[in-house]
Amino acid sequence: MANKKKTSRALIPTKARALSAKEFLDLADVPPEIEWFANITNPQTRRAYQNDLKDFMRFARITNPEVFRVVTRAHLIAWRKDLEGRGNEGSTIRRKLSAVSSLFEYLCERNAVVHNPVKGVKRPKVTNANEGLTPALSDEQARMLLDAPAGDTLKGIAAKLIFSHLGYG
């Protein structure tokens, strides 16, 4: 019995600081918009989303987080047109819309809004959308690789050299 008490006490941290009643209530009152942003841990994502959201907030004259709850698709379409008018690239506009969409997805999860107004907003097409930045084999190169001779033959060694020269080996 003594071991049981000792074990259960060990599960309760004794050196950790507990929230005060005021801190508990203050955290319970944090708007979900602020909570969402505080939960982004990647510094690059955080910086990009912060800039994108500030841009939208300036455009829509949002000064209070709760105002996000009355944003409509029309607001986002108008912002997209403004971004286009300022000469933003399609990829930049897509990223900015994605940042705002991420916030609204979280607000939907928290039942702060009933839907994500970014859904259904047309996003600019990005040229070469099928070609990523990561090197990949074309269909023809993949067929060549599949048809390549065994690696221990003279032809196989030559094929390896060719693929190596192309950056795939």
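Looking only at residues in the stretch 126-152 that are loosely packed, with under 10 Cβ neighbours inside 10 Å and under 19 Å from the mean Cα position of the chain (by Cα), the one that is modelled with the highest pLDDT is 134.
Residue 97: touching a helix residue (DSSP H, G or I) at 6+ places or on another chain (Cβ under 8 Å), in a helix (DSSP H, G or I) and at pLDDT 85 or above, yes or no? Here the answer is yes, as residue 97 does meet what is asked. Scanning the stretch 72-91 for residues that are farther than 20 Å from residue 37 by Cβ and in a helix (DSSP H, G or I) yields a count of 12.
Just give me the residues in the stretch 46-71 being under 15 Å from the mean Cα position of the chain (by Cα) and modelled with pLDDT of 90 or more, in sequence order.
Within the stretch 46-71, 47, 48, 49, 50, 51, 52, 53 qualify.
The values are calculated or read from the model by the stated rules, or taken from the named source; none is laboratory data. Everything quoted here is computed from the prediction, not taken from an experiment. When we count neighbours, we look across all protein chains shown, and the Cβ atoms used for this are built from the backbone with ideal geometry, even at glycine.
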